[in-house]
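Here, each number is a calculation from the coordinates, and none is a lab measurement. Keep in mind that what you see is a predicted model, and the values were worked out from it rather than measured. For neighbour counting, all protein chains shown are included, and Cβ atoms are generated from backbone atoms with ideal geometry for every residue, glycine included.
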């Protein structure tokens, strides 16, 4: 593996496009992100100083590599160039977990020795489409997901044995079948080839099960900072009823449950909800209930039944929330809303709506979850 020089920008940064701020020092990046949040949200109140990382490298616990063929039939693996389907070959990356990168390079070498082909998007021929590696930073458990184009895996047993011989630290291997012409990485069908099909990690004192399809924050070091800050902002006393919408595998809700009377988690992804229910049992947490439902419909139903909520946690996708969700949140009328966002532009839009409906911004705290990229995570606490 090539040695990385952290004093210089990544040699691939202009080609790959994943790390847009590599031309700045880390201090300059934090200033740039602080200004970005202030420019959009200062009108609502004081923006606290952004929380940065002590060592802003190799923080990604989930690494995804696309596999393909060059014109002269060489197998390559790496990342799609920003806004394209051209693969930029990557062996090691400054922000990805080192061990995950090593495993992906080993898989590429094994394909050659087993005479297996990478998938070719143009012809629809070939075997391996993607490799996904997830690592629990605190448990050191590693999951490898091989995304293949058909259920037929030649010399499967020997291939898995060869991979485990090279990397005995792998704790589970999953085969995911994706036969469709699609930009989605994972298909619906999955078979566990080795281990139990999931890994676990510890976050804020809770243990979480992570399966191939479930969402888990990719920077666990900063996730602890983010969630601890968000829960502190809610100023829970142990008497509150809390709803955690877009709850995923239950991370925020389960961590908040230690300081709340009761927590309700709502998530539309059924795989994630299975993990959330398992995680509650795994941590012996009994004051949380999880529901597989659309959060907007769920909150509307709660409001119609006259149920009361004290605190709403919301952590929507990049597109932000929609009016249906926000209006049902307002109807439910929690005393406090803690809004975690990975896109300050859509957060600004949503805050205007909530302010028009009688909420006031009390605290704003940016957190740098994705060093070297132009993304910034931000928490806003609103009160009625």
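Our summary gives the stretch 62-200 a relative contact order of 19 percent, counting only alpha carbon pairs under 8 angstrom and 6 or more residues apart. From the square roots a ≥ b ≥ c of the eigenvalues of the alpha-carbon gyration tensor of the stretch 159-268, which class results: rounded (a/c under 1.5), prolate (a/b over b/c), or oblate? The shape class here is prolate. Taking the chain as a Gaussian network, where each spring joins two C-alpha atoms under 10 Å apart, which residue of 237, 123, 191 fluctuates the most? For the chain, modelled as a Gaussian network with Cα springs under 10 Å, the answer is 123. You can think of it this way: the chain between residue 345 and residue 297 has 14.8 nm of extra reach, that is 0.36 nm per residue less the Cα-Cα gap. For the peptides 332-340, 287-295, the ranking by mean Cβ contacts within 10 Å, running from highest to lowest, is 332-340, 287-295.
Could you compute how fast the chain diffuses translationally, taking Rh as the Kirkwood radius over C-alpha pairs and applying Stokes-Einstein at 10 °C with viscosity 1.306 mPa s? Give it in µm² per second. Don't skip to the end; give the middle numbers.
Numbers: Rh = 22.2 Å.
It comes out at roughly 72 µm²/s.
Taking neighbour Cβ counts within 10 Å as the exposure measure, how do 152, 364 sort from fewest upward? Can you show the working numbers first?
Numbers: 152 9, 364 23.
Ordered by Cβ neighbours within 10 Å, fewest first: 152, 364.
Only Cα sites of the stretch 62-200 enter the Debye sum here, all with the same form factor; the resulting log10 I(q)/I(0) across q = 0.16 1/Å is -0.80, listed in q order.
The distance between label points at residue 28 and residue 165 comes to 4.8 nm (points 7 Å beyond Cα on the Cα→Cβ vector). How far is helix 344-356 tilted, in degrees, relative to the longest principal axis of the Cα atoms in the chain, given as a value from 0 to 90 rounded to the nearest 10? Compared with the principal axis, the helix lies near 20 degrees.
Using just the helices of the chain, give the 222 nm mean residue ellipticity in deg cm²/dmol: DSSP H runs with n ≥ 4 each add -39,500 (n - 2.57), and the total is spread over all residues, rounded to 500.
Numbers: 10 runs with 113 residues, N = 384.
About -9000 deg cm²/dmol.
The distance from the alpha carbon centre of the stretch 78-104 to that of the stretch 134-185 is 16 Å, rounded to a whole number.
Taking the longest Cα principal axis of the chain as reference, the axis of helix 295-304 is set at about 20 degrees. A straight chain from residue 20 to residue 196 at 0.36 nm per residue would run longer than the Cα-Cα distance by 59.6 nm.
Computed on the chain, with alpha-carbon pairs under 8 angstrom and 6+ residues apart, the relative contact order is 15 percent.
Peptides 97-107, 78-88 ordered by packing proxy, namely the average of other Cβ atoms within 10 Å per residue, highest first: 97-107, 78-88. Principal-axis analysis of the Cα atoms of the chain puts helix 26-41 at an angle of about 40° to the longest axis.
Taking the Cβ-Cβ separation of residue 286 and residue 139 as r and a Förster radius of 35 Å, what is the calculated FRET efficiency to the nearest 0.05?
0.90
Here the simple spin-label model places points 7 Å from the Cα toward Cβ, and for residue 319 and residue 43 these points are separated by 2.5 nm.
If the chain linking residue 122 and residue 81 were pulled fully straight, counting 0.36 nm for each residue of separation and taking away their Cα-Cα distance, it would gain 13.1 nm.
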